[in-house]
Amino acid sequence: MDYRKLFREINQGQWQGVYLFFGEEQYIKQQALDQAIDALLDPSFKELNYDQIEGANVDLDTIINACETLPFMSERRLVVLKDLSVFGGKSDGDIDEDGFLEYIKKMSDTTCLILYCRDGVDKRKKVYRYINKTGRAIEFKHISGRELYKWINQKVEEQGKNISYEAMGHIVDRIGNKLEDISNEIKKLVSYVGKRDKIDIQDIDEVVVPTLEESIFQLVDAIGEKKSNRALVVLGNLIYEGGQATPPILAMIARQFRIILQCKGLHEKGYNSATIATKLKQRPFVVRKCLSQGRNFTVEQLKEGLELCLKVDYHIKVGKIQDTLGLELIIVKMCNQ
Amino acid sequence: MLKVGDPMEYTALYREWRPDTFDEVVGQDHVIRILKNQTNSGRISHAYLFCGPRGTGKTSTAKIFGKAINCTDPQDGNPCGVCRVCTTIDSENNMDVIEIDAASNTGVDHIREIRDKIKYPPSVGRYRVYIIDEVHMLSTSAFNAFLKTLEEPPDHIVFILATTEAHKLPSTVLSRCQRYDFRRITLKVIVDRLKSIAKRMGIEVEDEALDTIARWSEGGMRDSISLFDQCISFCGTSIKESDVLAILGTAGNEFLFDVVNNIMKGDISSLLIQIDRLVEEGKDLSVFLKDLINHLRNLLIVDICGDDPSGLLDVSQSTLEEYRRQASNMNQSRLVRSIEILSELDAEIKWNTRPRIMVEMAMVRICRPQDGNSIEDLIDRIAILEKQVSEGIPIARVSDINLSDARRTDEDIAEIIQESTSKKLGFRDLDEIKPSKDEPAEKDKEEHQGKAQKAGKQEEAKKIAKDTNAQEATIEKIDIEEVWDSLLKKIRRERMAIFPLLRSTKLQLDSRNKNIVNLVFPSQQEFYVAAIEKEDNSQYIEGLLLESTGQKFKLKCYTEDNVPNSISKDNILEITDEEAPSEEEEKEDIVQKAIDIFGKEYVEVIDD
């Protein structure tokens, strides 16, 4: 089921049986849970009609007890079960899966049970298939594109500020599309601009620290354009300001070279970017970016780059060169090719 | 105010000068601005993450923030320091701002303890603030337990996590905090702060001394104040740069500039004297090496970034100018090479019992590409060094050999080295190996002669090769259509994208020009023609043809409607093959021999 339909159902009060919330987008998932609590429970009796159970190390009796309790001064009771082991990939759960399935099939209809998973679920599990058939398994995926921009804009406006389309794009470029992260950054931005109404790109540059992946993109971009000074600045920001350790940076640079090489190779064989994305199991925009970066490198240069990374990695590990210096030398050499 | 030398009550300087208000926190304006605005507007989040290098103000800011959000009478976001809440928090028995050192409370039990306590409301203020320092040290299970707390904290709780290594935190925790990145404090800000401390303590300090202190603390305020503290105990009320250098056991900047100047000039003798001076003064050579590497790195950065190296290079304006002047005389590849040699040495020097010799050798290696006249000269020079090192003769004598007059480019030296080696190999006449540095004219002559000889020889060799080939050459006939069929199969495998375009084409030879092949498309496929004629596609096909026939062709594309009449009727390609058959024969020969020796059943021919 789509989560938008779920929000509609919540607001209309059509709310019963067993629900399963899962997926990577934590923010909307948490919001859905909060709304469900608000819609189902009268605040004055919330403590009596609401149970939250951590799924790890819980036994079936505890669950049944919680669910079979009758609601007090209310039509319904809400039980939230977090991270139940029957959905995990590893089957180290203490709960008998079949027993649990049998129980939820005939569960008391005065109780609403929400199975809340922080991560994904194993879709082969019987419990999942049963709930999915009833249409109450809701996956929360990351939103993107126009929907994402609309969401950001709304968030900013809620706090009495406004933001341009480019600035929104700038935020997403820097930290990705996890709403939790974006929401945190918006709070910071709103406080940063203070009495001003508009959030500008400069504010974002000052406040929002880009992710490692984004910085590596910029770094390799700069190397590709042979702009060693820009590349060195990006690297300096990562290490000195971002407190990033050097091994991941080196690994990410090598990874970027490798992906570009792969994209380039497949492209020369005539595949389009969408096919390359599925073949390499990369996100399409990553492939598009890599293809455009690839134009600045020859295959030979990329191979040399990879070998250089290997060599410097070795030299750092045997102590022949200091780590930051090693990374800087990679940049200088790649740009001097 | 505490006076210097007061024995009664000593607090480390960095604790004494810890900032009490946001305005006193230096170098973190972007963070402070947000926190002040949040205090003013009351938009307090329930979890903060402060990360950044050591000594940049994370814990201090956390403490101020804890006080500010509880203060009853905040002054423009700053805690007032006088109200009941502020004084209570400052006192020993405060219950509201709690500092936990995660480095020594790593276990899950410690976190559970916090979880049990957070339900109690604050005793005096609005919030209870937990400052968890070095939070990256928590164990995995402790993080998981903490995550549950972070998910649903009571309204009166604020967590402030501080760490130097944010990347060690699980992403689930990261995404629940507002993250603030503290930056390294710039040299200028540190110097200003130290100056103001010195002034208020009545201590006289040279500007260069402060510069050195700030440079050594690498953007950490605490480090710089500690070092300043050390200097005060060492020198009392007047601090000079030389004192600071003595405490640090390092050579001054000026010395490094001199060393690098000498490296650039290739003046080994002066370099050795400088190393001698270092050792005499009892400085640590490995510290010197690190300084030197850092200096060369800075030169490299200045050379690359030119106008704006700020952010990568934190030095005062005057030092930057000096770097610029020096960098303008060096090329990047030499800098890179020097850095590599010295870095390698830096790793080895720890295990070596005679670091001085190692450093000296490295200097020689670095200077070699500029001063080498010939291999013989270098060998001589190293011999002199060895003698000096073993006998301890004053090094000044080396300057008798004038090294700097013969600066050459790397290519020159490569040529010279090559020349001298070939001389050695060619004519074993001792007279010829005479050092040639004093007779450049003669040397040039020799060079020309050598070249001419070489060229002559090569031509001769070519001639002979041609003759033999002509005798062995056979004429092979290949049906070009068959070749094309097999190539199409290959294209289908390698470049599916262009295969459909080529499917119904014919490849035909040209009767006029042997080096042209014509690719004929069915009529009305002009569009396909255009696609294949694109450079990389036609090059690719030409490459394939070269591979399978051994002959270089130029590809021309036509549709059936406008074929030129030069197309050859019989599609037999005659190839004058020069090597393949003889190689084949040779191989057969070897196989036959092998069969003769081992017997047929033990011989298998594997082509690779």
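The magnitude of the dipole of region A:97-194, with charges of +1 and -1 set on the Cβ of Lys/Arg and Asp/Glu and taken from the Cα centre, is near 320 debye. Straightening the chain between A:ASP98 and A:ASP122 buys 7.1 nm, computed as 0.36 nm per residue apart minus the Cα-Cα spacing.
Do the alpha carbons of any pairs in A:LYS178/A:LYS281; A:LYS155/B:LYS36; A:LYS227/B:LYS556; A:LYS126/A:LYS281; B:LYS168/B:LYS283 sit beyond 30 Å of each other, and which pairs? Going by Cα-Cα distance, A:LYS227/B:LYS556; B:LYS168/B:LYS283 fall outside the 30 Å limit. In region A:3-139, a dipole from Cβ-located charges (positive for Lys and Arg, negative for Asp and Glu) runs towards its positive end, and of A:LEU33, A:ALA56, A:PHE45 it is A:LEU33 whose Cα lies farthest in that direction. Each peptide among B:109-122, B:151-164 gets the average number of other Cβ atoms lying within 10 Å of its residues, and from highest to lowest they stand as B:151-164, B:109-122. Placing unit charges on each Cβ (+1 for Lys and Arg, -1 for Asp and Glu) gives region B:168-247 a dipole about its Cα centre, and among B:THR237, B:VAL205, B:VAL173 the Cα reaching farthest toward its positive end belongs to B:VAL173. Placing unit charges on the Cβ atoms of the charged side chains and taking the dipole of region A:212-335 about its Cα centre, the candidate lying farthest along the positive direction among A:SER273, A:VAL234, A:GLY305 is A:SER273.
In region A:268-306, the residues that give up 30 Å² or more of accessible area when the other protein chains are added, compared with the chain on its own (1.4 Å probe), are A:GLU268, A:LYS269. With N as its number of residues, region B:187-248 has a Cα radius of gyration that, divided by 2.2 N^0.38 Å, comes to 0.94. Protein heavy-atom surface of chain A, 1.4 angstrom probe: 48% of the accessible area is carbon and sulfur, with nucleic acids and ligands not counted. Annotation: B:TRP17 carries an accessible surface of approximately 20 Å², with a 1.4 Å probe and no ligand, DNA or RNA atoms counted. In the context of the full protein assembly, A:SER164 retains an accessible surface of approximately 30 Å², using a probe radius of 1.4 Å and ignoring ligands and nucleic acids. Overall form of region B:181-311: oblate. Here a/c, set by the Cα gyration tensor axes a ≥ b ≥ c, is 1.5 or more, and a/b is not larger than b/c. Under a model in which nothing but the beta-carbon of Lys, Arg (+1) and Asp, Glu (-1) is charged, chain A shows a dipole of about 1520 debye around its Cα centre.
Given a 10 angstrom Cα cut-off, can you work out which residue in A:ASN296, A:ASN229, A:ASN65 is the most mobile in a GNM of chain A? Highest fluctuation of the listed residues: A:ASN65. Taking the Cβ of A:SER292 as the center, what net charge do the other residues with Cβ under 14 Å away carry, scoring Lys and Arg +1 and Asp and Glu -1? Around A:SER292, the surrounding residues sum to +2. Counting only alpha carbon atoms, the long axis of helix A:284-294 and the longest principal axis of chain A meet at about 0°. Ellipsoid semi-axes for region A:145-207, based on the Cα gyration tensor and the rule √(5λ), read 16, 12, 11 Å when sorted largest first. Go through the cysteines of chain A and tell me which have no other cysteine Cβ under 4.7 Å away. Isolated Cys, chain A: A:CYS67, A:CYS112, A:CYS117, A:CYS309, A:CYS335.
Distance between the C-alpha centres of region A:124-166 and region A:54-73: 29 Å, rounded to the whole angstrom.
The GNM of chain A, with springs linking C-alpha atoms under 10 angstrom apart, assigns the highest mean-square fluctuation among A:ASP61, A:ASP200, A:ASP221 to A:ASP61. Amide H contacts of B:ILE516 (H built 1.01 Å from N, in plane; Pro and chain starts excluded): B:ASP510, B:LYS554 sit under 5 Å, all sequence-distant by 5 or more or on other chains. Suppose we compare each residue of region A:97-135 in its chain alone and in the full protein complex with a 1.4 Å probe; which ones drop by at least 50 Å² of accessible area? Hits at the 50 Å² cut-off: A:ARG118. Rg and Dmax of chain A, both derived from C-alpha coordinates alone, stand at 25.3, 77 Å. Between B:ARG200 and A:GLU24, the FRET efficiency from the beta-carbon distance, with R0 = 56 Å, is close to 0.55.
Taking a ≥ b ≥ c as the square roots of the eigenvalues of the Cα gyration tensor of region A:191-337, is the shape rounded (a/c under 1.5), prolate (a/b larger than b/c) or oblate? Oblate, since a/c reaches 1.5 and b/c is not below a/b.
Loop-located GluC sites (Glu not before Pro) across region A:43-143 with a Cβ neighbour count of 13 or fewer within 10 Å are A:GLU75, with loop assigned by DSSP. Taking all protein chains together, B:THR21, B:THR140 sort by accessible area into B:THR140, B:THR21, largest first [probe 1.4 Å]. Using the Kirkwood radius over Cα pairs, work out the Stokes-Einstein diffusion coefficient for region A:172-236 at 4 °C and 1.567 mPa s, in µm²/s as a whole number. Approximately 99 µm²/s, per Stokes-Einstein. Think of each Lys and Arg Cβ as +1 and each Asp and Glu Cβ as -1; about the Cα centre, that makes the dipole of region A:3-139 roughly 720 debye.
Accessible surface buried by the B/A pair amounts to about 3800 Å², both sides summed, 1.4 Å probe. Annotation for region B:280-309 versus region A:200-218: alpha-carbon center distance of 30 Å.
Using a 1.4 Å probe on the protein chains only, how many percent of the accessible area of region B:187-248 belongs to carbon and sulfur? Carbon and sulfur together cover 47 percent of it.
Taking K and R as +1 and D and E as -1, what net charge do the other residues with C-beta under 10 Å from the C-beta of B:SER238 add up to? For residues surrounding B:SER238, the net value is -2.
Among the listed pairs B:LYS67/B:LYS240; A:LYS279/B:LYS534; A:LYS188/A:LYS317, which have their C-alpha atoms separated by more than 32 angstrom in this model? Cα-Cα > 32 Å for B:LYS67/B:LYS240; A:LYS188/A:LYS317; rest within. Taking the 1.4 Å solvent-accessible surface of region B:253-367 as the whole, the part contributed by carbon and sulfur is 45%.
Restricting the trypsin sites (Lys or Arg not before Pro) of region A:190-278 to loop positions (DSSP other than H, G, I, E, B) with no more than 11 neighbouring Cβ atoms within 10 Å leaves A:LYS195, A:ARG196. Note on chain A: GNM, Cα springs under 10 Å; of A:GLY319, A:GLY55, A:GLY265, the largest mean-square fluctuation is that of A:GLY319.
The values are calculated or read from the model by the stated rules, or taken from the named source; none is laboratory data. If you're wondering where the values come from, they're calculated on a predicted model, not measured in any experiment. Neighbour counts are summed over all protein chains in view; Cβ atoms, including those assigned to glycine, are modelled from backbone coordinates with ideal geometry. When the accessible area is computed, the model is the full protein with side chains, heavy atoms only, and any ligands, DNA or RNA have been set aside. Shrake-Rupley method; radii C 1.70, N 1.55, O 1.52, S 1.80 Å.
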